[in-house]
1. Can you go through A378, A382, A365 and tell me which one is surrounded by 14 or more Cβ atoms within 10 Å (Cβ to Cβ), more than 16 Å from Q216 (Cβ to Cβ) and touching a Lys or Arg at 6+ places or on another chain (Cβ under 7 Å)?
2. Can you tell me which condition P200 does not meet? The list is (1) assigned to a loop (DSSP other than H, G, I, E, B); (2) open to solvent by less than 60 Å² (accessible area, probe 1.4 Å); (3) of a type outside the set (A, V, I, L, M, F, W, C); (4) more than 13 Å from ligand 1 (Cβ to nearest atom), and all the others hold.
3. Mind checking which strands (runs of 3 or more DSSP E) fall wholly inside segment 137-197 and carry at least 2 residues that are within 16 Å of ligand 2 (Cβ to nearest atom) and open to solvent by less than 70 Å² (accessible area, probe 1.4 Å)?
4. Is it the case, given these coordinates, that A7 is part of a helix (DSSP H, G or I) and touching a residue at least 24 places away in the same chain (Cβ under 8 Å)?
5. What do you reckon, is I223 under 21 Å from I293 (Cα atoms), near ligand 1 (Cβ under 10 Å from one of its atoms) and either open to solvent by 40 Å² or more (accessible area, probe 1.4 Å) or in contact with a His (Cβ under 8 Å, 6 or more places away or on another chain) (or both)?
6. So is L72 over 42 Å from the mean Cα position of the chain (by Cα) and not in a loop (DSSP other than H, G, I, E, B) or not?
Amino acid sequence: MISVEAALEIILSEVKPLGMERVNILSALGRVLGEDISAGMDNPPWDNSAMDGYALRASDTKGASKNRPAILKIIEDLPAGYVATRVIKKGEAIRIMTGAPIPKGADAVVMVEETEIHGQGTKGKGQVKIFKEARVGDNIRRAGEDFKKGDIVLTKGATIRPAGIGMLAAVGKPNIYVYQRPKVAVLSTGDELVDIEETPVSGKIRNSNSYAIAAQIKTCGAIPVQLGIAGDNKKDLEEKLSYGLTADCIVSSGGVSVGDFDFVKDVLKQMGSEMRFWKVAMKPGKPLAFGVIGGKPAFGLPGNPISSMVAFEQFVSPAVLKMMGKKDIFKRAFDALLTKPVKKKAGRMHFVRATVEQKNGRFYATPLEGQGSGILSAMVKANCFIMLPEDVKDVEKGSTVKVQPMDESLLYQDKPGY
Ligand code: AMP
Ligand code: MG
């Protein structure tokens, strides 16, 4: 039996990123960027107005107030998308819209709300009253204040989010390199399993693992390939697992314990797998087999639904994310206070299904009822794992524990968070 840390290290030493493919910006969301993206020009490209108002020389507004406005001559009207044809001189202003380039001669913009047309002003002509003293630079967005030509604006290995899509568009990258998404073959094993369209009778149960694991694969951004159900016999296992070798990675569930019909390890070995380890010091998920067949990682996860999900989360997920070229592949963890005592023996790392919530600036973690490795209903309610290290024994209420959030469940709640 090896530690969780050692198992993870072995797994990660055996997997490497797949190749790249070129995709259109519209298909890039959620993909892992395969190249650094640099800017071909400054953004904004030139100083421009942050407001609708008047571009002017700040010195011309010295001492201006509501009662003693500065009166300037309007020499041009400048919408966004155009460049001024005139240079602003002493006593002059250009009516300017948000985003339009600052005209030559101007060093500030006063917003329209602090001005008033004076007398018979018409479009681009007449005079304007300025009610406020402007300082140099007021309401001017500087060239390059967002990013400069040559800046790396998105880095290789980052997952592309909506803001990244906006950035790709802003720097003019309609097509980019992303890492290929691994195909991950999923096989459920066990004579007791029937597919979910069937009503299980006489000793049978529904195959839930294939679906839960496929969903975990999708959550990683990889592609599940369903191999279906194999019975507890070597022939069936070998046939289906061999087909799995067309994928980039194999994940099976069940049949890796010490039962009389647990043949998965034998069959993987028969197929040429070099077994790297079996059994990890964790709960749930102890009987976990890992091997490599023809350079492809093969995970034999335990059959209990929670064991397989926890083992996937801790081991398969980082491996798949590494294959996808992702830089940050480990789940974040943060400290929380335990609201109930937890019984534990030393010797294995525990992943306790729990809910975590924040109150008065602190996180509180509550273990759920039903910690058996077959209790899917508790897993459904959980939004995190409490991680209790191998050597830790019973943990008291009020102790600080490490909590690992479960996928997106901590991002949403039933009311606004402000
Ligand atoms: P095993 O690891 O094959 O000994 O299976 C352990 C437990 O998990 C048994 O109670 C199995 O019936 C159950 N199990 C195995 N595979 C699945 C599956 N695909 N879906 C739901 N339960 C399963
Ligand atoms: Mg079985």
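The values are calculated or read from the model by the stated rules, or taken from the named source; none is laboratory data. Keep in mind the model is a prediction, meaning the values are calculated, not measured. All Cβ positions, glycine included, derive from the backbone under ideal geometry; neighbour counts span all protein chains shown. The accessibility values were calculated without ligands, DNA or RNA, using every heavy atom of the protein model including side chains. Shrake-Rupley method; radii C 1.70, N 1.55, O 1.52, S 1.80 Å.
1. Values: A382 fails: more than 16 Å from Q216 (Cβ to Cβ); A365 fails: touching a Lys or Arg at 6+ places or on another chain (Cβ under 7 Å).
Only one candidate passes the filter, namely A378.
2. (4)
3. Values: elements: 152-154, 175-179, 183-189.
In segment 137-197, the matching strands (runs of 3 or more DSSP E) lie at 183-189.
4. Details: part of a helix (DSSP H, G or I): yes; touching a residue at least 24 places away in the same chain (Cβ under 8 Å): yes.
So A7 fits the description; yes.
5. Working: under 21 Å from I293 (Cα atoms): yes; near ligand 1 (Cβ under 10 Å from one of its atoms): no; either open to solvent by 40 Å² or more (accessible area, probe 1.4 Å) or in contact with a His (Cβ under 8 Å, 6 or more places away or on another chain) (or both): yes.
Taking the combined requirement at face value, the residue does not satisfy it.
6. On the way: over 42 Å from the mean Cα position of the chain (by Cα): yes; not in a loop (DSSP other than H, G, I, E, B): yes.
Yes; evaluated as a whole, the condition is true for this residue.
Yes/no per residue for (1) more than 30 Å from E408 (Cβ to Cβ); (2) within 12 Å of ligand 2 (Cβ to nearest atom); (3) under 34 Å from the mean Cα position of the chain (by Cα):
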residue: C220; (1), (2), (3): no, no, yes
residue: I223; (1), (2), (3): no, no, yes
residue: S242; (1), (2), (3): yes, no, yes
residue: D248; (1), (2), (3): no, no, yes
residue: D266; (1), (2), (3): yes, no, no
residue: K283; (1), (2), (3): no, no, yes
residue: G294; (1), (2), (3): yes, no, yes
residue: N304; (1), (2), (3): no, yes, yes
